[in-house]
Amino acid sequence: SFDGIVLVTQNHDTLPAELECLKAPLQDYSSVDSGLGEEVVVLKVPGLPGNRLVFASTGPVNRDYDDIRRFSDAALSGIKRALKAGMQRPLLVCPPHKDYNNSTLVAALGALQALYMPLEVREGNVKPTQYKVCVLGLWVAQEAEGQRLVNLADALERLACRDIGGSDPERMAAPRVADYVTELFKDSPVQVEVVSDVKVLEKEYPCLAAVNRCANSVPRHQARVIKLQYCGAGPVQKTLMLVGKGITYDTGGADIKAGGFMAGMHRDKCGAAAVAGFFQILAKLKPKHLKVIGSMAMVRNSVGADCYVADELVVSRAGRRVRVGNTDAEGRMVMVDLLCEMKEKAVRETSPELFTIATLTGHAIRAMGPNYSIIMDNGPAHRSQNAAQWQKAGEVLGDVFEVSSIRREDYDFHKGKSEYEDILQCNNLPSSATPRGHQTPAAFLIMTSGLDKHGVDSDAPLPYSHIDIAGSSGPFPGVPTGAPIIAMATNYILSDGL
């Protein structure tokens, strides 16, 4: 019933015996084109489904710098070529590789990325159908293994994360994000609570309310705090507490993004999108003994007569007096009081781990380049080697991380510079022009939320990690990647199931 095969492998010589039928046409092609494997090719092969074969080579996978992403990259390219060839029922074939146990699953995830249809396109009925293909098949030698991989690929598809993170500032303005998330988790094990009352926001989350002040005058742009909770069956053995930055559009505020740097700033909500995306995985896989609490800080950083400004003093939920240094450092502001709230809850939870996830700094891209998430631990998290575990988990399915450290200079940077304030929010330079520009915000979040009272020197240490996905969230224009939810799922849900 398929109308073509998309083969993802290093070369035809490595095919297993079950795929012997694919060797001959590739050998014939290589006899007239020594460049086979350097780009995606389409072969006419009578007898195969649709009489055609798309070959997308991974290239070498055994060098020092190769990793499992070779398989997802090849599958993405192969599926795109299959679409161009007119396939509507492609069969993805990625035989197991001896050095990469999860190569088939990773290839399937790459194919699903290529097949993602943006939410606005689906809702606008721009295309004849809401799907780019009728069906995507996955070849596996054993049926039981195939069903397992299909179930995993379905759970890890990252649909909600891409919908929220990639949609434009109006379709995913804060109230509409709340509606989307509420509908997404209806009749699921995930509980949803939406906080919209501006008086409540001002009382409970004063730093977030300061950023929201200008946008609040436009009803469709008013802030929402979306709270999510999942509790798996059986006694809770670990509690994850996630706060995601959900800036629906970042003008920079009064420190406006000039010179064309505002384009693409609807992607500044990918941290909150990742929180929703992880809960979608929880809803599908239903892991036992795991409790997860999430907060999505959905706010628009607007510019206007009522916007917050540099020099303002804002008192955080933890009672810290914060001097605003730059209104374009709004991400840390909208997350910090939610992190404080998580800190307050964490002391009553079982084995808690706290996280902030954000497209926070241009410095993250300057430091590590695109495509890489950055994780950094506070003292208790460092002692439990949390960042190292995340980095290892990310390698398994290609959601890769670099590790940074929070140092004493980062805390010193944010100490108040006068008796008026306890904490300086930011300097007045771009993060990319600031030394340690992606590390210092983690220190700000720790200090301003009161987590500095729960370090290794306290009676109640709380492990906390900050994750900057500015480089890994995906290109604009383009499709969001869904980072870092695959690494999260691998680390906390799939560790025994891959």
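Descriptive notes on the structure:
- Heavy atoms of residue 424 accessible to a 1.4 Å probe, total area in Å² rounded to 10: 30
- Percent carbon-and-sulfur accessible area, the chain, ignoring ligands, DNA and RNA, probe 1.4 Å: 49
- C-alpha center-to-center spacing [region 1-61, region 403-426] in angstrom: 57
- Coarse-grained scattering of region 280-389 at q = 0.10, 0.20, 0.22, 0.24 Å⁻¹, given as base-10 log I(q)/I(0) from a Debye sum over alpha-carbon atoms: -0.42, -1.37, -1.44, -1.47
- Average accessible area per residue (Å²) across region 163-305 - probe 1.4 Å, nucleic acids and ligands excluded: 36
- Dividing the radius of gyration of the alpha carbons in region 78-180 by their Kirkwood radius gives 1.03 for Rg/Rh.
- For the listed residue pairs 203/453; 286/343; 44/80; 127/286, the alpha carbons are over 28 angstrom apart in 127/286.
- Between 0 and 90°, nearest 10: helix 206-215 axis offset from the chain longest Cα axis: 70
- Over all directions, the projected convex hull of the C-alpha atoms in the chain averages 24.5 nm² in area.
- In region 375-463, the ratio of gyration radius to Kirkwood radius, Rg to Rh, stands at 1.03 when only Cα atoms are counted.
- Loop-resident sites, region 1-92, for trypsin sites (Lys or Arg not before Pro), counting at most 13 other Cβ within 10 Å (DSSP): 63
- Each 5 Å bin, from zero up to the one with the longest distance, holds this percent of the alpha carbon pairs of region 1-145: 2, 10, 20, 22, 20, 13, 7, 4, 2, 0.
- When you restrict to C-alpha pairs under 8 Å that are six or more residues apart and normalise by the size of region 112-270, the relative contact order lands at 22 percent.
- Relative to the longest principal axis of the Cα atoms of the chain, the long axis of helix 270-285 makes an angle of roughly 60 degrees.
- Table column - 3J(HN,Hα) (Hz), region 358-374, Karplus curve with 6.51, -1.76, 1.60, x for Gly and Pro: 7, 7, 8, 9, x, 5, 4, 6, 4, 6, 10, x, x, 5, 10, 6, 10
- Rounded Å value of the spacing that divides the Cα centres of region 103-123 and region 305-357: 34
- Along the chain, the longest continuous region that contains none of the chymotrypsin sites (Phe, Trp or Tyr not before Pro) in a DSSP loop with at most 10 other C-beta atoms within 10 Å is 66-419.
- Acute angle (nearest 10 degrees) that the helix 386-397 long axis makes with the longest principal axis of the chain, alpha-carbon atoms: 20
The values are calculated or read from the model by the stated rules, or taken from the named source; none is laboratory data. Being a predicted model, the structure only gives us computed values, none of them experimental. Quick reminder, even Gly has a Cβ in these numbers, built from the backbone with ideal geometry, and neighbours come from all protein chains shown. The area values use the complete protein model at the heavy-atom level, side chains included, leaving out ligands, DNA and RNA. Shrake-Rupley method; radii C 1.70, N 1.55, O 1.52, S 1.80 Å.
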